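To keep things clear, I will list the structure first and then write my remarks on it.
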Protein chains: 2
Amino acid sequence: MSKVFANIALSLDGYMAPEGMAIEHWETPGYKDWGAKWGALMNWLLSQKYFRENLMFGPGGETGPVNDMVRSTMERSGANIMGKRMFEQGERSWPEEAPFHTPVFVLTHEARDPWVRPGGTTFFFVNDGPESALEQARKAAGNRDVRISGGASVIQQYLNLGVIEELEIALAPVMFGAGRRLFENLHEPLPKFRIDQVHAGASATHLRYVRA
Amino acid sequence: MSKVFANIALSLDGYMAPEGMAIEHWETPGYKDWGAKWGALMNWLLSQKYFRENLMFGPGGETGPVNDMVRSTMERSGANIMGKRMFEQGERSWPEEAPFHTPVFVLTHEARDPWVRPGGTTFFFVNDGPESALEQARKAAGNRDVRISGGASVIQQYLNLGVIEELEIALAPVMFGAGRRLFENLHEPLPKFRIDQVHAGASATHLRYVRA
């Protein structure tokens, strides 16, 4: 049976996104310094060969254990679930061949027909909540796994549902000071994890937890 | 010249202390489950031989790289700085031979004469702010280092002063859901750190950052 996992980058002070990183400031990366902060958070990823190819950033990039992790995360994913905000930001910034290559279930109140992209990504807009999205994603994923892509509030919802079996965090040594925290709004019974693996990268520490 | 460092345990969701861990609930570890949460946070430490000896928990305990880190943290410390709350909790729970063996500068509004404990620990009560406490601690530490012991708000004050040169975090795989966050109330310019070392322990991940 497919697993449910999240794989995200986190600032040292616990944020997934810096303050000011929102569509209305998209064109002004100087606003609250969000662009530089986001870059520092994602530095470990932007340099990886597999990621560069997938986002069509061009040739080159690092190969090695981190690149292998990035590839493995993509290859294991048979479906993605994301929030409306993440989708809306990506809708404006992903290449036409959106970088998922799976069905993507978008949690939203907006009714919208599926949006088919070249390269295997189709966005489905789910209006009846996270449990329904997960059920649809499990079916779509087949033998592969379901990735809870983000943002923070979507991951929180699935943590509170107790369904996230693997939590992978790339902890980057940058402070945001404010923004969207990953670990917030969690309620009892709190999810329980144990340490599975740690990979000490040069620009992020890759922490892998599995449900205890 | 002596360095200024912090070395603390942190829950996976970023708390130094769980909700409910306060003197008024000291006798009721079942309250908000704080005792079990605190135990899960400190599990990696409570089993170390050096720590057990220092807190007079009795013989036995693990030796190895984590024990060596615990010993090194103690041995490098020539002075400690802590907040009033941490002191007040410790005053009721440390053994008579308090586990610091250095001068300890307590940030407080209370005027109080120095409190000398057997074994080399003397508590000095500082009423004129964190910079004064640091100056006194540097003098007292001699060639050894100054440890900012905690709690969270004291570490935040010194992070905001930009004086913490080494930040060591034992990240334990436990969720608190609520409590005292380490990374809060930080302001621009935010402190900058780079990854120095990572040690993957069985019950905590030991992250060492140095000021960038």
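Selection of the range A:151-184 for residues being more than 12 Å from every other protein chain (Cβ to nearest Cβ) and of a type in the set (S, T, N, Q) yields A:153, A:157. Scanning the range A:140-175 for residues being under 15 Å from residue A:192 (Cβ atoms) and open to solvent by 10 Å² or more (accessible area, probe 1.4 Å) gives a total of 6. Only one of the numbered conditions (1) modelled with pLDDT of 95 or more; (2) surrounded by 15 or more Cβ atoms within 10 Å (Cβ to Cβ); (3) within 25 Å of residue B:137 (Cβ to Cβ) is violated by residue B:44, and that is (3). Residues that are more than 30 Å from residue A:135 (Cβ to Cβ) and in contact (Cβ under 8 Å) with a residue 60 or more places away in the chain number at least 2 in the following helices (runs of 4 or more DSSP H) confined to the range A:1-78: A:34-46, A:65-76.
Within the range A:1-28, track down each residue that is within 22 Å of residue B:191 (Cβ to Cβ) and surrounded by fewer than 20 Cβ atoms within 10 Å (Cβ to Cβ).
Initially, the range A:1-28 is screened for residues within 22 Å of residue B:191 (Cβ to Cβ), giving A:9-21.
Result: A:19, single match.
Quick one: is residue B:137 modelled with pLDDT of 95 or more, of a type in the set (A, V, I, L, M) and touching a strand residue (DSSP E or B) at 6+ places or on another chain (Cβ under 6 Å)? So residue B:137 passes the test. Mind listing whichever residues of the range A:144-173 are aliphatic (A, V, I, L, M), over 20 Å from residue A:77 (Cα atoms) and touching a Phe, Trp or Tyr at 6+ places or on another chain (Cβ under 7 Å)? The answer is A:172, and nothing else. When the range A:188-201 is limited to residues that are more than 7 Å from chain B (Cβ to nearest Cβ) and open to solvent by 20 Å² or more (accessible area, probe 1.4 Å), the one that is modelled with the lowest pLDDT turns out to be A:189.
So how many residues does the range B:156-203 have that are touching a residue at least 24 places away in the same chain (Cβ under 8 Å), among the aliphatic types (A, V, I, L, M) and not in a helix (DSSP H, G or I)?
Of the residues in the range B:156-203, the ones touching a residue at least 24 places away in the same chain (Cβ under 8 Å) are B:156-187, B:189, B:191, B:193, B:196, B:199, B:201-203.
Now restrict to residues that are among the aliphatic types (A, V, I, L, M): B:159, B:161, B:163-164, B:167, B:169-172, B:174-175, B:178, B:182, B:186, B:202.
From what is left, the residues that are not in a helix (DSSP H, G or I) are B:163-164, B:167, B:169-172, B:174-175, B:178, B:182, B:186, B:202.
So the answer is 13.
The values are calculated or read from the model by the stated rules, or taken from the named source; none is laboratory data. Just so it is clear, the structure is predicted and the values come from calculations on it, not from any experiment. Note: ideal-geometry Cβ built from the backbone for every residue, glycine included; neighbour counts use all protein chains shown. The protein model used for the area step is the full one, side chains on, heavy atoms only, and it has no ligands, DNA or RNA in it. Shrake-Rupley method; radii C 1.70, N 1.55, O 1.52, S 1.80 Å.
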